[in-house]
Amino acid sequence: MKDLKTKYGPWAIVTGASSGIGKAFSMLLAKNGINIVAVARNKDNLVKLQTHLENEYDVKVKSISLDLFESNAALRLGELTSDLDIGLLVNNAGIQNHGLFSDITENDELKLVTLNVSFPMQLSHIFIRRFKQRGKGGILFTSSAFGYLGVPFFANYAASKAYLITFAEALNVELKPYDIDVTVISPGYTNTPIHDSVPVDYSKLPILQQQPELVAQIGLNAMGRKVTVVPGLMNKSLVWMTRLIPRSWPTKWASILIGNARIVERSS
Ligand SMILES: NC(=O)c1ccc[n+]([C@@H]2O[C@H](COP(=O)([O-])OP(=O)(O)OC[C@H]3O[C@@H](n4cnc5c(N)ncnc54)[C@H](OP(=O)(O)O)[C@@H]3O)[C@@H](O)[C@H]2O)c1
């Protein structure tokens, strides 16, 4: 991994740092000597992470326990970090809803759009202005391989991740003249707690599980080198395939495969 501290600066902010891929991003960044602003709701997990990182590496950690569903969360986070020289924004927090779109409550789907789309957009807006002033910076988004196709039973989730991919691609071009790098990583099935409440038997799907540490490493390695990155040969091949065949095909295949792997009662 190249010297992210020299390239971006002394502090990084990681949303969704309390578990999974966000925790892995925080560990890797700290290992590279970067101070961390760790953001999530679960205070206990944040404190454990902070203690571990400060004991293990020569870094400072600021834990911020904040519910990012709240409408003013991005503004609040901007205020709480205004005294820190943050150079890297890792927009990673996200949730999944699963099931027929019509069976999921409108409120749950709105929460998903708030956390997966509105919040990273608002936080990017705040930090891009700060990065422009300091003359450099980087933004890393965690999307999903699902963002490359329509995915029945994950319709709103996949659409939210598609937003992040094209948003990042456009920002990368806009921000090049300001020496601000933008990368979006689109992981496939990764071993994290996000799947705990999702009634899908992933062993029935033709996919391989990856570890969050590897995903985080691939994402950070891509900063400044690639705009879009999909970790793993199999995930890469699946994503490439979606570009070579009619758009309706992968969505139909996803419908059949995920339909068979679901372990919930189907409702009409
Ligand atoms: N795991 C996969 O297979 C996979 C594949 C593709 C993409 N992704 C993406 O990877 C990202 C990280 O997910 P993960 O797999 O690492 O799952 P995870 O372990 O469940 O992590 C999700 C993180 O988001 C935080 N979060 C959720 N709701 C929040 C809220 N309202 N306010 C503040 N923080 C909130 C959680 O912290 P608290 O609960 O403490 O708030 C947690 O730190 C997500 O964007 C996800 O869509 C995951």
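Restricting to the range 215-268, and then to whatever is among the β-branched types (Val, Ile, Thr) and not in a helix (DSSP H, G or I), can you tell me which residue is farthest from Phe153 (Cα to Cα)? Selected residue: Val227. Taking the listed residues Asp108, Asp83, Asp3, the one that is surrounded by fewer than 17 Cβ atoms within 10 Å (Cβ to Cβ) and modelled with pLDDT under 95 is Asp3, with no other qualifying. With respect to the conditions (1) more than 13 Å from the ligand (Cβ to nearest atom); (2) in a loop (DSSP other than H, G, I, E, B); (3) buried (at least 23 other Cβ atoms within 10 Å of the Cβ), Ile139 falls short on a single one, namely (2). Residues in the range 42-56: is at least one within 13 Å of the ligand (Cβ to nearest atom) and touching a residue at least 60 places away in the same chain (Cβ under 8 Å)? No - not one qualifying residue is present in the range 42-56. Evaluating Leu164 against the criteria (1) within 16 Å of the ligand (Cβ to nearest atom); (2) over 23 Å from Gly20 (Cα atoms) leaves one unmet condition, (2). One residue stands out among those in the range 111-133 that are among the basic types (Lys, Arg) and surrounded by 15 or more Cβ atoms within 10 Å (Cβ to Cβ): the one that is nearest to the ligand (Cβ to nearest atom), which is Lys111. Number of residues in the range 67-80 that are surrounded by fewer than 20 Cβ atoms within 10 Å (Cβ to Cβ), of a type outside the set (Asp, Glu) and outside any helix (DSSP H, G or I) equals 3.
The values are calculated or read from the model by the stated rules, or taken from the named source; none is laboratory data. Just so we're clear, the structure is a prediction, and the values are computed from it rather than from any experiment. FYI the Cβ positions are ideal-geometry reconstructions off the backbone, even for glycines, and counts take in every protein chain you see.
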